[in-house]
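Remarks on the structure that follows.
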């Protein structure tokens with residue numbers, strides 16, 4: 001409330017206590033201070049919007065987390081919960097490197113004016129100019145490349161899962177006409193699916209009672225289409241399942257299941273080579289509940305970004321994770337601690353929506369700094 005008033009000069013809600021209570025408990029989103037004061041810094045608007053979210057899971061975890069974002073803005077650092085545009089990233093770089101840019105331009109102008117610099121200063125000018133150009137190129141290239149690759153991966157997942165569910169529903173329609181108690185009736189259909197998807201772990205048909213009541217609740221109440229993958233951990237290993245119901249005599253009696261190991265299947269959807277070969281690229285996939293569905297580092301796959309104690313020492317990573325849950329796509333920064341090193345990344349994300357309540361976030365990032373601690 002205080003930050004909203006500082007930004008706009010007014011209060012987010014007016015009227016008596018009863019009217020304010022209706023606003024606070026209603027479904028309408030909280031007022032956006034940016035709509036009332038166009039000149040308000042967008043980073044502070046983002047902080048205010050997050051602090052005023054009605055869903056407690058979308059708000060800051062505590063006052064310290066909010067204070068860190070405000071301090072970052074005060075110190076001129078990146079505010080992780082705000083999705084900067086490419087133009088804003090470029091302006092930030094120029095503002096934070098004015099001396100370097102000025103020196104480069106001054107040296108360049110002096111050379112062009114025939115000031116007679118020595119070879120030593122000419123080389124210094126050239127090096128400074130290249131440093132500026134390389135830094136500017138890094139900011140824009142990392143952002144654009146990561147965003148483009150995130151879109152490629154997300155599109156591949158959308159198309160792949162759509163085709164898979166279509167094939168599963170077609171197979172389920174065939175199974176619904178058979179006596180499923182006879183393995184000889186079922187196996188040819190499963191074998192055909194396996195030939196279409198050789199990297200998959202297995203295809204199977206199971207009675208509806210073999211899955212948890214939480215998973216099957218929607219099937220029991222209606223014949224709705226179930227079109228989102230489910231991730232489950234067994235014996236310490238994460239598996240992803242794609243399931244569709246099998247209808248017999250108007251009732252759901254079984255389900256057809258496809259099981260994959262993410263580390264075997266998902267990498268085939270990624271661009272094979274990084275477009276910036278001198279910098280390390282990483283791609284990870286997170287469900288909208290924070291579960292890490294895929295990470296090339298097996299230590300993190302199957303963990304939860306927001307619950308894993310290892311991530312508590314990397315607040316910017318947690319802030320980045322929350323940011324991906326509020327926007328369909330975007331570009332941001334974060335750092336994390338690994339093996340006594342702080343690794344800084346420029347990252348882009350793209351959402352893959354399966355249902356209104358279930359989605360994956362594809363995150364593509366490039367490391368631009370590795371600082372020993």
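The values are calculated or read from the model by the stated rules, or taken from the named source; none is laboratory data. Bear in mind that the values here come from a model prediction, so they are computed numbers and not experimental data. Quick reminder, even Gly has a Cβ in these numbers, built from the backbone with ideal geometry, and neighbours come from all protein chains shown.
Would you say residue 54 is part of a helix (DSSP H, G or I) and either within 25 Å of the chain's Cα centre (by Cα) or modelled with pLDDT under 75 (or both)?
Here the answer is no, as residue 54 does not meet what is asked.
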Of the residues 109, 124, which is over 30 Å from residue 208 (Cα atoms), surrounded by fewer than 16 Cβ atoms within 10 Å (Cβ to Cβ) and at pLDDT 60 or above? 109
Failed condition for residue 302, given (1) in contact (Cβ under 8 Å) with a residue 40 or more places away in the chain; (2) on the phi < 0 side of the Ramachandran plot; (3) outside any strand (DSSP E or B), with all others met? (2)
Can you pull out the residues in region 4-42 that are more than 18 Å from residue 54 (Cβ to Cβ) and either in contact with a strand residue (DSSP E or B) (Cβ under 6 Å, 6 or more places away or on another chain) or surrounded by 12 or more Cβ atoms within 10 Å (Cβ to Cβ) (or both)? 5, 6, 7, 8, 10, 36, 37, 40, 41, 42
Scanning region 188-223 residue by residue, those closer than 24 Å to residue 262 by Cβ, modelled with pLDDT under 90 and part of a loop (DSSP other than H, G, I, E, B) turn out to be 211, 212
Filter region 164-187 for residues that are exposed (fewer than 15 other Cβ atoms within 10 Å of the Cβ) and either touching a helix residue (DSSP H, G or I) at 6+ places or on another chain (Cβ under 9 Å) or not in a helix (DSSP H, G or I) (or both) and give the result. 177, 179, 181, 182
